[in-house]
Amino acid sequence: MYRVVVIGGGWSGCAAALSARKAGADVVLLEKTDLLLGLGNVGGIMRNNGRFTAAEENVAMGAHELFEITDRCSRHVNIDFPGHQHASLYDVTKVEPCVRRLLREKGVDIRLMARAVDVVVRKRDMSDGKIAKESIIEKIVLAGGEEVEGDVFVETTGSTGPMGNCLTYGNGCCMCILRCPAFGPRVSISAKAGGSDIMGKRKDGSFGAFSGSGKLEKQSLSEELQHKLNETGVAVVPLPEKAIKREKLDMKVCKQYALNEYAENIILLDTGYAKIMTPFFDLDTLRQIPGFENARYADPYAGGKGNSIRYLSVAERDNGMKASGIENLFCGGEKSGLFVGHTEAISTGSLAGHNAVRYLKGMKPLELPVGIAVGDLITFANENLATEDGLMTRYTFAGAEYFNRMKDKGLYSVDRDEIAGRVKRYGLENIYGERMI
Ligand SMILES: Cc1cc2nc3c(=O)[nH]c(=O)nc-3n(C[C@H](O)[C@H](O)[C@H](O)COP(=O)(O)OP(=O)(O)OC[C@H]3O[C@@H](n4cnc5c(N)ncnc54)[C@H](O)[C@@H]3O)c2cc1C
């Protein structure tokens, strides 16, 4: 049977593995740490603003399983917080084992603590005696030397780390969930195979961006704050004037939260931990705010000093998620664009996994139409990467430029039937559920 090798087990890698498996391929998923979901272990916000529409489009196209898990693991549903409506917050302590069980039940061969460090490539000989321009990956080399063969590969290694990037473009390794010191650095497979990676920029022209939130231990907060979080999912705590740092809004990845409310208040969300919606916050200053006298960071451990640096490794790709210059490499998630979010990772990963199997069958890759939000985001993000402004933009259904575009184009909806009807009109109903092999 044909083998699909997925490198990187974040939300996009899990979605790609599931999608390829459902299409009938043998799938191995390589993940460098001891946990699936990558940054999905520290997030939790789903279905806010345009993410609701995108989630329902995926469900209608047959990629329903991961959304069923995040819905089932939600501590709060249909809540509002500044700039955001109808959000759900999944419990970050519950979701990973559910995804791991699902993938195993579906027959995905999950290889944890399997870090890809290199590739073996070849060039195809053409019938006219020339050599094809694109390389073909034959094997992935793991740290330790083992080689993993495949017929087609999906890279979903994200864009966070390695430590050198957090040092050069941030405030050093802040010990985030990816735990590079223990499990080793991220490696760009597209670059190893001869492709060139694109680096996102900040407004001031510097490279990368800080992750925009952290987790506090909920028990380290006052009883009152804990109660508010448990009951409503949200707490908005005004900051004294001297603690307001508006410049932090430009630093962060998550432009959907770069609103004044997020500079003037501490906004907490209940994801099992207390998710603090700012890239980092000096602990001593934080402890001067009523309710935070004993506050402790759970993630990143050094959240008082900095956060992880992202967006330094985007593969050039087409709208079918195939990486440029490599015949049999597809990509998804942050690897495939300056995307922010779990929903965005699942959307792009599902398409990448599906198209990997189409490649095996010699079929034309599926490109999603711009008449649905997922297709439009994938196309729009790609077109914009060619511009300087586009490198400073982050692409998410949840806010900022792209959510405005969704509304302008009439793509935003919270009506499940309407969304399913749209998907059906394009002939995409349950497309990810169809077996091809
Ligand atoms: C602190 C924080 C909070 C966030 N909160 C939210 C939120 O509430 N809601 C939301 O929608 N989004 C949130 N996001 C953004 C969201 O988590 C990401 O955009 C999305 O999950 C990225 O998924 P991914 O699969 O592309 O990449 P990642 O999650 O980065 O996954 C990449 C995976 O590849 C593995 N890997 C890397 N290199 C190798 C290698 N060489 N070999 C094997 N494995 C490798 C990594 O260990 C990792 O597991 C948050 C991000 C952060 C950092």
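The values are calculated or read from the model by the stated rules, or taken from the named source; none is laboratory data. Please read all numbers here as calculations on a predicted model, not as lab measurements. Reconstructed Cβ throughout: ideal geometry from the backbone, glycine too, with neighbour counts over all protein chains shown. Note: areas computed on protein heavy atoms with side chains; ligands, DNA, RNA excluded. Shrake-Rupley method; radii C 1.70, N 1.55, O 1.52, S 1.80 Å.
Set side by side, the residues GLY272, GLY362, GLY304, GLY320 differ, and just one is outside any helix (DSSP H, G or I), more than 13 Å from the ligand (Cβ to nearest atom), under 25 Å from ARG179 (Cβ atoms) and small (Gly, Ala, Ser), which is GLY304.
Checking the stretch 363-377 against the condition returns a match, with at least one residue being in contact with a strand residue (DSSP E or B) (Cβ under 9 Å, 6 or more places away or on another chain), over 18 Å from GLY10 (Cα atoms) and open to solvent by 20 Å² or more (accessible area, probe 1.4 Å). In contact with a strand residue (DSSP E or B) (Cβ under 6 Å, 6 or more places away or on another chain) and either modelled with pLDDT of 95 or more or open to solvent by less than 10 Å² (accessible area, probe 1.4 Å) (or both): which single residue out of ASN41, ASN48 fits that description? After ruling out the rest, the residue left standing is ASN48. Only one of these conditions is not met by VAL92: (1) surrounded by fewer than 21 Cβ atoms within 10 Å (Cβ to Cβ); (2) within 11 Å of the ligand (Cβ to nearest atom). Which number is it? All conditions are met except number (1). Any residue at all in the stretch 100-107 that's within 16 Å of the ligand (Cβ to nearest atom), surrounded by 20 or more Cβ atoms within 10 Å (Cβ to Cβ) and aliphatic (A, V, I, L, M)? Scanning the stretch 100-107 turns up at least one residue that is within 16 Å of the ligand (Cβ to nearest atom), surrounded by 20 or more Cβ atoms within 10 Å (Cβ to Cβ) and aliphatic (A, V, I, L, M).
Can you pull out the residues in the stretch 14-47 that are β-branched (Val, Ile, Thr) and more than 7 Å from the ligand (Cβ to nearest atom)? VAL27, VAL28 - these are the residues of the stretch 14-47 that are β-branched (Val, Ile, Thr) and more than 7 Å from the ligand (Cβ to nearest atom).
State all residues of the stretch 121-169 that are in a strand (DSSP E or B), acidic (Asp, Glu) and at pLDDT below 95; if no residue qualifies, say none.
If the condition is that a residue be in a strand (DSSP E or B), acidic (Asp, Glu) and at pLDDT below 95, then ASP125, GLU134 are the ones that fit.
Here is a yes/no grid of residues against (1) basic (Lys, Arg); (2) in a helix (DSSP H, G or I); (3) open to solvent by 20 Å² or more (accessible area, probe 1.4 Å):
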site	(1), (2), (3)
ALA182	no, yes, yes
SER190	no, yes, no
ASP204	no, no, yes
LYS215	yes, no, no
GLN226	no, yes, yes
LYS242	yes, yes, yes
LYS245	yes, no, yes
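I'm checking my understanding of the structure. Among residues of the stretch 349-359 that are more than 10 Å from TRP11 (Cα to Cα) and not hydrophobic (A, V, I, L, M, F, W, C), which one is nearest to the ligand (Cβ to nearest atom)? Quick ask: steps written out before the conclusion?
First, the residues of the stretch 349-359 that are more than 10 Å from TRP11 (Cα to Cα): 351-359.
Pick out the ones that are also not hydrophobic (A, V, I, L, M, F, W, C) and you get 353-355, 358-359.
Details: GLY353: 12, HIS354: 16, ASN355: 16, ARG358: 21, TYR359: 20 Å.
Among those residues, the one meeting the criterion is GLY353.
Taking strands (runs of 3 or more DSSP E) as the structural unit, those lying wholly within the stretch 1-117 and holding at least 1 residues that are β-branched (Val, Ile, Thr) and out of contact with any Asp or Glu (no Cβ under 6 Å at 6 or more places or on another chain) correspond to 3-7, 26-30, 74-81, 109-111.
Quick grid of which residues meet (1) of a type in the set (Val, Ile, Thr); (2) within 26 Å of GLY320 (Cβ to Cβ); (3) surrounded by 15 or more Cβ atoms within 10 Å (Cβ to Cβ):
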position	(1), (2), (3)
SER127	no, yes, no
ALA132	no, yes, no
LYS139	no, yes, yes
LEU142	no, no, yes
GLY145	no, no, no
VAL152	yes, yes, yes
GLU155	no, yes, yes
GLY164	no, no, no
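Scanning the stretch 153-180 for residues that are more than 11 Å from the ligand (Cβ to nearest atom) and touching a Leu at 6+ places or on another chain (Cβ under 6 Å) returns PHE153, ASN165.
Restricting to the stretch 1-13, what's the tally of residues that are more than 6 Å from the ligand (Cβ to nearest atom) and open to solvent by 10 Å² or more (accessible area, probe 1.4 Å)?
Step one: list which residues in the stretch 1-13 are more than 6 Å from the ligand (Cβ to nearest atom), which gives 1-6.
Next, only the ones that are open to solvent by 10 Å² or more (accessible area, probe 1.4 Å) stay: 1-3.
Count: 3.
A single entry from PHE380, PHE403, PHE330, PHE339 fulfils the requirement of being at pLDDT 95 or above, away from the ligand (no atom under 16 Å from the Cβ), surrounded by 14 or more Cβ atoms within 10 Å (Cβ to Cβ) and in the same structural domain as SER190 (by TED's automatic domain parsing): PHE380.
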